[in-house]
Every structure is written in structure tokens, then in C-alpha cells.
Amino acid sequence: MEQQYLDLYKAQHESIKKHSAKVMNNLRDAAFSQFEKLGFPTVALENYKYTDLKEPLSIDYGLNINRIPIPVNPYDVFKCDVPGIHSYLYFVVNDGFYPVSDPRNSKLPDGVIIGSVKEVATLHPELLQDYFGKLSSTKEDGLIAFNGAFAQDGFFMYIPENVILDKPVQLVNIMRADVDFMAVSHNLIILEKGAKAQLLVCDHTVDEVRFLSNRVTEVFVAENATYEHYKLENAHNKTTNLSTLLIKQQASSNVLANVITLHNGLTHNMIEIDVDGEHCETELCGMVIADKNQQVDNFTSIIHNKPNCSSRELFKYVLDDSSKGAFTGKLYVAKDAQKTAAFQTNRNILLKKTAKMRTKPQLEIYADDVKCSHGATIGSLDETAKFYMQARGISEEEARLLLMFAFTNDVIENIRIPALQDRMKILVEKRLRGELSKCEGCVICQ
Amino acid sequence: MSTDILNEVTQTDYKYGFTTDIETDIIPIGLNEDVVRLISSKKNEPEWMLEFRLKAYRHWLTMKLPDWAHLNIPEIDYQSIAYYAAPRINAPKSLDEVDPELLKTFEKLGIPLHERMALSGIAVDAVMDSVSVKTTFKESLSELGIIFCSFSEAVENHPDLVKKYMSSVVPYTDNFFATLNCAVFSDGSFVYIPKGVRCPMELSTYFRINAMNTGQFERTLIVADEDSYVSYLEGCTAPMRDENQLHAAIVEIVAMKNAEVKYSTVQNWYPGDKNGVGGIYNFVTKRGICKGAYSKISWTQVETGSAITWKYPSCILLGDNSSAEFYSVAVTNHHQQADTGTKMLHIGKNTTSHILSKGISAGLSQNSYRGLVKINPAAENARNFSQCDSLLLGDKCGAHTFPYMEVNNDTAIVEHEATTSKINEDQIFYCNQRGISTEDAVGLIVNGYAKEVLNKLPMEFAVEAQKLLQITLEGSVG
Amino acid sequence: MLEIKNLHANINGKEILKGLSLTVNAGEIHAIMGPNGAGKSTLASVLTGNPAFTVTEGEVTFNAKNLLELTPENRSREGIFLSFQYPVEIPGVSMVNFMRTAVNEHRKYKKLEPMSATDFLRMQREKKELVEMDNKLANRSVNEGFSGGEKKRNEIFQMAMLDPMLSILDETDSGLDIDALRIVANGVNKLKRSDNASIVITHYQRLLDYIVPDFVHVLYDGRIVKSGGKELALELEERGYDWIKKEVDGE
Ligand SMILES: Nc1ncnc2c1ncn2[C@@H]1O[C@H](COP(=O)(O)OP(=O)(O)OP(=O)(O)O)[C@@H](O)[C@H]1O
Ligand SMILES: [Mg+2]
């Protein structure tokens, strides 16, 4: 399986480099030898125990190494009218930043840079130098190594010191191709001291071919900065989404990451938040609604390296039909991270006999003055509650919906953008009613 | 709590560990097929037993040491170990020859006199008391048709039962240490409770004496036939002297329809000194099968000893409506490492399991809970509840929790809760204000914390275990 | 018996007691009143040696001993008892076991033999009657699941068991219903002798109808700013603390 990619790299590495930026190319060969060594991850590895990549990786995908422009105008494809969500809107088509920005976007605050990694790297190499690959290149992971070897571009966002973005940035990823297609991208987000930003990432597919996306996102949150990361996945079920989100937090920073899978094929989200300064707050949450043969694996770690920080993690899964869910929540408290307060919860509902859930919360604690806990449950809907509602005249179907909706609600409540929260409530309800069984365009903007 | 006190109490040595030079009838060190044959012939075993050992030995050669546990296991040279040792020859003749420190511990634990002698390694025939105790027990048990004897005796006298059940729960291919045990096991105990019989006594006092010199590769098999009940106690609160560093035991339990087996362990083997030198490596495979409907197995363990503990008493819930429990207290101090927990495998309908684990870490120790709850597709209405708490005493130790939950049936309810925190300073101060020293306060609080588990032990054992925690804490934790 | 001179104490660097002085003699009952956050509980904590607080200045002598040098448990064994404003729950530790350990530690300090189980149980029965405590409570874990009122009664029960020289009652009256209040006060009065003393911290004059103080002090901003007889409590009940605050802050 690896062989074709090894051959491809050996034959094409010149072109790959030619169409990328120096800061990426610097790390490319090392990443490639790492990939040569590791290969693609298998279920024998703890991190991929519950995600078997054999089938999706056996497909013969096309890669756009020579960066041929895709003939699509996302503004035509998606009739976005952004109800209530005023945002700075950007598009990524497959793995390339769409160069034309929305004419309706208002001017960004001074010093804020949003664009393609490749372009910014040529204009302001000094901005990326200290950050690019600093988190990802230290990881022993075949998919990340693959990304290092093949990613040629990605999304870039820079918020200078003390700048507060007044509106969320909305990034719409569109997968568009006529043949089975693999998109490989590497995003970089930098918030300087005291900066504040919200990013909403939506994943979509428009063509009925097989897609595989391998995306690495690195986020650096400096002292006193606040960063919110929302990811909404709404892709068709021939999509394989392999994403890595690496966040590093400096002192007194605040991070919220909320990862929602509404519709997908096979998803493996690896999320690692490295809390490397005192007095940080971290909130990581997520929700999965899956049916048919969908598979979602959220593999998360929160690493507390410094004292006096707090973190909360909450993940909820609703699994129907033959869907498979997996969750790993690793909570690591280093020796010096005294007074850490870290709480983790994972709750799962199985709606059918054929649905499967695997959960693996872990506490690894080396400091003594801590308060840490985790709780995990797997079960079905509360029958007594359902009966109570039926006894009040609510139909069984409606009672089920109400309960499921209530179940997912606290993840939605964690969204700090009110308009997005409202929108999510509607979308989740639609999804639970089976009205969103197929992704159709940009749900956020519908 | 002031760090001074913590330092002081976590640095006190394990007072009761010691080694003795003993003359033994030892097979040359190292392991090969001839050694396996020699062990078998020394024990006068039948051919089928030798075949079993050899099969296991050959398989063992193909296996690798597992590395998934949160343990740092030093390289073990399996060729430098003696795999068979006959009983001691120059054992002490009376209590006067026994280490007074050891006797003091027995005193504190309130262990009866005749047992003290046996436990100190005094040759069994010198202990008239216990011999008569043993005989009385044996008589009353055999009247009920209960078989309770050493594993070797069972091989000789009840070969059909042994053949039928041995290795039926832990296959000889199970894991590195279990396979090694199958090849070279020394001795152990065998219990058979016939249909409809409730074993009238805890198989404990007797066992303690019986179990002397079973060596490092112990093997226990308990079969509870339909509608029977037995409570079995393994180990003892007294510090176990043992010059063997590697222990790899197997315990198998079979519970038939409506049968109930309670298995309780108190493990207090030498943990090594405060620099982490010496100490027992304890790699145990314990597994029970709830074979029949409505059967029940419960594991209760209090683990305070050993340098390294690797142990996961597990249950296969095969019979419909069967249930299983796992209650554990594990205390680690100095350089001790413990990776312990359970596996609950739900196969039958309406099966329930309950896990309660309390970890206490002090010194430089690492204490991990590792568990798996697996609900098979056919296990309708399975229920599991797990609670894993960790208490930290001191800032140089670690407490870890690795539960795995795999659910393949929508009618299952699986719940897991875990907490980790340090000992509560307000509680210590409250005790101080009532005149109780910090050391005693820690003892009280930790015992309270472990209470739910200690309560599951049979009465006589519970009292000893409680004292043991107190002593362990007095001497080494708090 | 107790002499506090110019006591300064802080918690996490925040100064709470700012030069407090107070003398308590055998046979006396002192009431300490004062607005929320004045430092009343802090005083109790410092006297009993709670490690969360740091003494930066001043001295405290108790029966001619330097109290500040003693460990918390030895202060207790010397005869200082605190009825906690918020009694602590200790799960799994039974009241009986807890109290027996405490009583025997006190006896050991006085070079007495430990009490036999029978004697201990008899004493426990007697003292329980004093505070009309439910028998069942003694078999439960220390304060676990006790109601607010039960916890307070349990504190007085422990006080009776340990027979202190100086008892400090930190808002033992709050959370008690009228009957319980009378019972608790009764208990305290029965334990009063000419050779022991009490410091009663309270917000309510009501308690002082039952436990009649010899002195009433007002603690404000880390110091005793006013002292008087029991009529001062009545005046405070009527007029509140504002006039005192004005007097002090106006200085
Ligand atoms: N752990 C702490 N950290 C910081 N400040 C504290 C701490 N504990 C107490 N304080 C502060 O010390 C001051 C005195 O508190 P204290 O409890 O002694 O008041 P009090 O007079 O007993 O009040 P109350 O009548 O409400 O019981 C308050 O301002 C309180 O907020
Ligand atoms: Mg107070």
C-alpha cells in the first residue's frame, strides 16, 4: 500500500517541492524518510486500534501535485447567505486556498493575515519560520509523516499581538474532483499575545467520488490569547477524513476546541492540546452522530505540563445502524503540574444492536496536588424517561428525538458563537430526524 | 500536610523483608526440555501431564514478553533461574530462631500462634497444632465430598477432574507468563465443590499452611459444581519471605450453574528496599469463567507487596444471568510498580459486572489500573459499573487509569467513573485537631478510603487486612 | 490560661489578623462577634495550628507554653478543642474508631493506659446523652451524610469526649433549630468548670441567652476593636456593626 506513494515521491519530489514553499520543503525529506520507516498506521498501533485504514488506503487516489487550478468558483457552488453569522468567509478547494476572497468580507483588522501557507511563506517567511512543523514534526505517526512529505499548501492565519477579531473566520473546505481524490494539506494558525480569534471549519464534499483528506493543523496560542476552534464535518459517506489538530498553549491562554461530526464516511481525528504555561484554561468537546456504516474515532490528549491549569473535556456519541464509534481521552498531568483540575466525560448512546462503541478514557498522573476525573458511559436511551413522555401524550418517536436532542445539547451549549449555536441546534435536530442523511452543500450556509 | 512528615514516613524501610540462606534440593538453573521432564519426573507425574508441560514449553519459546503495561520491567534472564526447589532442610526449628521483627508483625496482625510458626518457615511437622487443624479440616470437608488438596495430589488422585478443567479457562497459549507457568509449575491447590454443597468454612487457615513452599510457579484450580458455594482465601497479611524473585502463578476458577465462588487475596510479598533493590516480580494470570446460568464469581484483592505487580483477575461471563465482581486495593510505595485491574467479558444474556478499584501511591511508585469491559453482540442487557479511584501521597509518585470499554450491543449499559486526587488536608487537620498524629490520620483516612473493598473480604481476613494497611502506612506510606 | 499578643497571620500572603490581642482566664466564657470575613474563623484556625495559615508576628501562650511551637495534635492534647464552623467529612472512617483513636492519643500524651473497649463504649454512651445524639450516628463515617445540625451536635459530643481546657466554638449555633440550640448550649454549660474556659464565636445574641458570656468582643478587620460585658451583644443585635466600623475606620 505504501509502495505506490514511496515510488510517487521518489519520482515526483522535484515537482512536489517546486509547487510548494521553502518552509515546507525544508522538512519534506525528513518527513518522507519517517514515512518510509513507519508506513501507514495499522490497528496494531494503540492510536489506530479502532480505525482500520486498509480499505480506504487501497483506493487509487489522484493527487494534484502540479497544483492545476480546479475549475470551480465556490461562490457559485455555494449560495451562502450566512444567516445571522457574520463572518470572514474563505474557501479551500481540496487542498488549495481559494485565492479570491468574498467581496462581501469586510476589511480585516490591521496586521491580520489570512491566506495560503505557500503564499504567505514567500511574502513573510519570518512569520512561519518559528512555527511551521514545530509540533507535527516531533510526532511518530505515519499519517503525519505522510502529510509532511506530500502536503504542498494549506490555510494560514496570523493574529498579531492584542488584536481581537470581531467576527469569526469561516473556512469552508470543499472536496471537488472527477476521480477518486486525495487532498493533503497543512494548516498553520498563530495567535500572538493577547490576541483573540474564532475559527469555524466546515468540511464538505460535492462530487460522488471517493475522497481522502489528510490534514494537519498546527495552532500556537501565545500568552493571554483566546482561541476557539470549531470543526463541523458534513461530508458524504465515501469520504475518509484523517485529521490531526495540534494546539500549543502558553500561559494564561484560553482554548476551546469543538469538533462535531454530523455526517461522514470514516473519520479519525487526532487532537492533542499541549498546555505549556500556567493558568491556562482548556475546553475540548465534540459530538458524533453516525448511522449506516459510518465510523468516527476521536483520539484526544490533553497534556498538562505546567501548574495551575484547568481543562474540561466532553464528548458525546449517538450511534445508529451499523455505525462504529471510538473515543480515546488521554489526560496527562506532568510531575510539576500541581493544582491541575482536569475533568473528562464521554457519554454514548447506541440506538441499534449493530452499532458499536469503544471508549478508552485514560488518566496518567505524575503530580500529587491534582483533582482529576473521568467518566464514561455507554448505554441506550433512558426507557423510563421515554415512557414518562409517552404517558404525557408524546409519541414514542418524538420522545426519542427529544431525549437524543437533550443528550447532545450540552456539547452545543459549549459553542460560544450564539448564531452558530442556534444553527447547530437546527442542524442536529434535522440530522436526528434523518433529514440530513445526505450532505448537500454547505449546511452552515443553507 | 507538611512535606517533612511525608518524607519521613515514605522513607521508612520495609521492616520485615529479609533473606536467608537455605539449603535446598535444587535442579540446575536454566530452562530446557530436560528440565521440564525432570520437574515432571520429580513430581511423579503421569505422561499426559508431562505432555502438557512440554507443549507449553515449546510454545513459550515462540513468545515475547508483553510490553503494553505501564511498567518498567528489568531484563529477566530465564536461564539463570532455578525452576524447581524441594522444601527447605535447615528451616528454623522453633519460634526462638525466627526473626523477632517478623514475629512483631505477626503480633500486630494478630495471627494465631500455630500459623505464626508455619508462616515463619518452621518445618511443618514441627507444628503439631496446625497438623491437627489440618486433619480436622480435611475430615469435615471430605464428608461433604469437597476435594481440597495440593495440585500434585489432585493430579494423582483426581486425574479426570484435573484433565477436564485444567487450562480450560487460561489456555496454555494465553500469555508469556501463563505459558511459562504451564511448563514449569511447581504446585498449588485444587478445590472441587460438588453439586449442591456449600463449603462450610473459608478455605483459608488451612490453605495458608498448605501453601508453604509451593514455589514461584503456583497453580490453583477451583471448580464449583452446580448450586455450590465456596469462599477461598489466598496469601496472607504477613510479609512473605521468599528468595525467588520471579513469580508467575495461574489461578483458574470454574463456576457452574448457580454456583458462587469468592476469591480473596492479600498479597504482601517483599517489595524491595527503598532504593528499589530486590523485591518480588509478581506476574499472575487469574481468570474465572461463569459457565452456567446464574453463576457468580467475585475477586477481592489487597495488594501491598512485590516490586512489580502485573495482575488482572478476570471473568468470562458465559452463562446467562451470571455476574462477576472485582474489588481491589493496591498500595505502592518507594520504587514499587503495580499494573493491575480486571477484564470482564460479557457473552451471556443479562450478565452483570461490577468493578471497584482503589489505588494508593506513595514514594516514587507507579500505580496503574488497567481494565477491559467487553460486551459481545449476543450479550443482551449486559450491565457494568466501574469505579476507579486513585489517591496520591507525595509528589513523586504516579497514578494512572487505563480502562477500555468495547460495547457491541445496544441493550448494554456500561458506566465508568474515575477520580484522582491527593489526600485531603482538611481531613488530616481535623484529625490533628482531635489529637491524632498525621501518621495515624493518614492511616485512618486511607483505611476509610479503602473501606468498601475491605468490607468485601471475609471477616477474619478483613480485620487483618485493615491492620496491614495501617502497618504498611505506618511503616511506609503515611 | 490563654494570652494572645499582637497576633498577625496571613493566608497565601493575604494578611487577615492584624495585631490581635486577647486574654482568657480559667473559668471564663468569651464571646467573639464580628461581621463576615472579619477573621473570626482565622483566629480559631491559627490557635489550633491549621497549616494553611502563617503567623508573621506576635505571640500566644497557653498555660505557660508557647502555643505556636506546638504541632496541631499536641495543641489538641494540651487541651485546646475547636468545634469547626464547617466540620470535615471523612468517608469510610467510623465515628467510633475515630473517637477511640483520639481519646487514646490524649491518654497516651498524659501517660495513661489506653481505655478498654468497654470503658470507652460506656463513656461514649454517657457523652452522647449529653447532646442527645442519635445512637446511629456513632456507627456512621465521620460527619459523612450528617445534616448541618447533626454535624454541630457531633462536634459538641467530641468536645465532651475529649474534655478540653479551652474550647473554641466557631458558629456552633448556626444551622441549629431552637431545640438543638438549647441542647447544644446545655451540653456546653454542663461541661463548664472553674478550671476550663470557652471562646464562643457567634453572630447571634440568641445563643448568648443560653451560654452567658463574661466578656463580649468585637472582631473587625483582624483586630479586637471593642470589648464589653454581655450587654454589648444586645447592643450589637440592635444596632448592627456599622457604628463600630465608623468608629474604627474614622480613627
Ligand atoms: N484560603 C483562603 N484564601 C484567601 N483568603 C481567605 C482564605 N480563607 C479565608 N480567607 C479570607 O480571610 C478573611 C477572614 O475569613 P474568616 O473565615 O476568618 O472570617 P470570619 O470572621 O470567620 O467570617 P464568617 O462570619 O463569615 O464566618 C475573609 O476575607 C476570607 O475571604
Ligand atoms: Mg467563620
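The values are calculated or read from the model by the stated rules, or taken from the named source; none is laboratory data. Predicted model only: the values in this text are computed from it and were never measured. With ideal geometry, Cβ positions are generated from the backbone for all residues, glycine too; neighbour counts draw on all protein chains shown. Note: accessible area is taken over every heavy atom of the protein model, side chains too, but ligands, DNA and RNA are not part of it. Shrake-Rupley method; radii C 1.70, N 1.55, O 1.52, S 1.80 Å.
Name every residue in the stretch B:242-280 that is among the hydrophobic types (A, V, I, L, M, F, W, C) and either open to solvent by 10 Å² or more (accessible area, probe 1.4 Å) or free of Cβ contacts under 8 Å to residues at least 24 places away in the same chain (or both), in order of residue number. Residues satisfying the conditions are B:Ala249, B:Met256, B:Trp269, B:Val277. Scanning the stretch B:303-325 for residues that are more than 14 Å from B:Val284 (Cβ to Cβ) and assigned to a strand (DSSP E or B) gives B:Cys315, B:Ile316, B:Leu317, B:Ser323, B:Ala324, B:Glu325.
On the stretch given as the stretch C:22-39, residues that are open to solvent by 30 Å² or more (accessible area, probe 1.4 Å) and either of a type in the set (Val, Ile, Thr) or under 18 Å from C:Glu69 (Cα atoms) (or both) total 1.
Identify, please: which residue in the stretch C:70-91 is away from ligand 1 (no atom under 16 Å from the Cβ) and open to solvent by 50 Å² or more (accessible area, probe 1.4 Å) and is, among those, nearest to the other protein chains (Cβ to nearest Cβ)?
C:Pro91
Taken together, the residues in the stretch C:70-84 that are within 13 Å of ligand 2 (Cβ to nearest atom) and either closer than 17 Å to B:Ser437 by Cα or assigned to a helix (DSSP H, G or I) (or both) amount to 1. Could you look through the stretch C:117-137, keep only residues that are aliphatic (A, V, I, L, M) and farther than 17 Å from C:Gly149 by Cβ, and pick out the one that is surrounded by the most Cβ atoms within 10 Å (Cβ to Cβ)? Step by step, filter the stretch C:117-137, then rank; the result is C:Met123.
Pairing residues of the stretch C:36-51 that are more than 10 Å from chain B (Cβ to nearest Cβ) and over 20 Å from C:Glu3 (Cβ atoms) with residues that are of a type in the set (S, T, N, Q) and within 8 Å of ligand 1 (Cβ to nearest atom), at Cβ distances under 9 Å and at least 6 apart in sequence or on separate chains, gives C:Ser41/C:Gln85. Cβ-Cβ distances below 7 Å connect the following pairs, each with a first residue in the stretch A:422-440 that is part of a helix (DSSP H, G or I), a second residue that is of a type in the set (Val, Ile, Thr) and modelled with pLDDT under 85, and a separation of six or more residues or different chains: A:Arg423/A:Ile85; A:Arg423/A:Ile444; A:Leu427/A:Val443.
Please tell me if B:Ile289 is in a strand (DSSP E or B), over 15 Å from the mean Cα position of the chain (by Cα) and farther than 29 Å from A:Arg358 by Cβ. Considered against the rule, which asks whether it is in a strand (DSSP E or B), over 15 Å from the mean Cα position of the chain (by Cα) and farther than 29 Å from A:Arg358 by Cβ, B:Ile289 comes out as no. Output the residue which, of all residues in the stretch C:162-190 that are within 14 Å of another protein chain (Cβ to nearest Cβ) and within 16 Å of ligand 1 (Cβ to nearest atom), is surrounded by the fewest Cβ atoms within 10 Å (Cβ to Cβ). Out of the qualifying residues, it is C:Asp170.
Give the residue, chosen from A:Ser311, A:Ser322, that is more than 9 Å from chain B (Cβ to nearest Cβ), outside any strand (DSSP E or B) and not basic (Lys, Arg). Talk me through it step by step, then tell me what you get.
Numbers: A:Ser311 fails: outside any strand (DSSP E or B).
The unique qualifying residue is A:Ser322.
Would you say C:Val225 is more than 14 Å from chain B (Cβ to nearest Cβ), surrounded by fewer than 21 Cβ atoms within 10 Å (Cβ to Cβ), touching a helix residue (DSSP H, G or I) at 6+ places or on another chain (Cβ under 7 Å) and assigned to a strand (DSSP E or B)? Spelling it out, C:Val225 is indeed more than 14 Å from chain B (Cβ to nearest Cβ), surrounded by fewer than 21 Cβ atoms within 10 Å (Cβ to Cβ), touching a helix residue (DSSP H, G or I) at 6+ places or on another chain (Cβ under 7 Å) and assigned to a strand (DSSP E or B). If you go through the stretch C:7-25 one residue at a time, do you hit one that is touching an Asp or Glu at 6+ places or on another chain (Cβ under 9 Å), away from ligand 2 (no atom under 16 Å from the Cβ), touching a residue at least 12 places away in the same chain (Cβ under 8 Å) and assigned to a helix (DSSP H, G or I)? No: the stretch C:7-25 contains no residue that is touching an Asp or Glu at 6+ places or on another chain (Cβ under 9 Å), away from ligand 2 (no atom under 16 Å from the Cβ), touching a residue at least 12 places away in the same chain (Cβ under 8 Å) and assigned to a helix (DSSP H, G or I). On the stretch given as the stretch B:402-437, residues that are among the β-branched types (Val, Ile, Thr), within 14 Å of chain C (Cβ to nearest Cβ) and not in a loop (DSSP other than H, G, I, E, B) total 2.
Report yes if C:Arg193 is open to solvent by 60 Å² or more (accessible area, probe 1.4 Å), over 25 Å from C:Phe62 (Cβ atoms) and more than 15 Å from ligand 1 (Cβ to nearest atom), otherwise no. In short, no. Do we have any residue at all in the stretch B:430-443 that's surrounded by 19 or more Cβ atoms within 10 Å (Cβ to Cβ) and in contact with a Pro (Cβ under 7 Å, 6 or more places away or on another chain)? Yes, some residue in the stretch B:430-443 is surrounded by 19 or more Cβ atoms within 10 Å (Cβ to Cβ) and in contact with a Pro (Cβ under 7 Å, 6 or more places away or on another chain).
Here are some conditions: (1) modelled with pLDDT of 80 or more; (2) buried (at least 23 other Cβ atoms within 10 Å of the Cβ); (3) not aliphatic (A, V, I, L, M). B:Gly196 meets all but one. Which one does it not meet? (2) is the only condition that B:Gly196 fails.
Suppose the filter is at pLDDT 95 or above, within 22 Å of B:Thr419 (Cα to Cα) and surrounded by fewer than 20 Cβ atoms within 10 Å (Cβ to Cβ); does A:Glu281 pass it?
When the stated conditions are applied, A:Glu281 passes them.
If I filter the stretch C:42-69 down to residues being open to solvent by 40 Å² or more (accessible area, probe 1.4 Å) and not in a strand (DSSP E or B), which single residue comes out as nearest to ligand 2 (Cβ to nearest atom)? Only one residue fits best here, namely C:Ala52.
The one condition from (1) under 18 Å from the mean Cα position of the chain (by Cα); (2) in a strand (DSSP E or B); (3) more than 14 Å from chain B (Cβ to nearest Cβ); (4) more than 16 Å from ligand 2 (Cβ to nearest atom) that C:Ile32 does not meet is (4).
Is it the case that C:Val55 is aliphatic (A, V, I, L, M), within 15 Å of ligand 1 (Cβ to nearest atom) and touching a residue at least 40 places away in the same chain (Cβ under 8 Å)? Yes. Considering only residues that are of a type in the set (Ser, Thr, Tyr) and either modelled with pLDDT under 85 or within 16 Å of ligand 2 (Cβ to nearest atom) (or both), look in the stretch C:196-208 and name the one that is surrounded by the fewest Cβ atoms within 10 Å (Cβ to Cβ). Only one residue fits best here, namely C:Tyr204.
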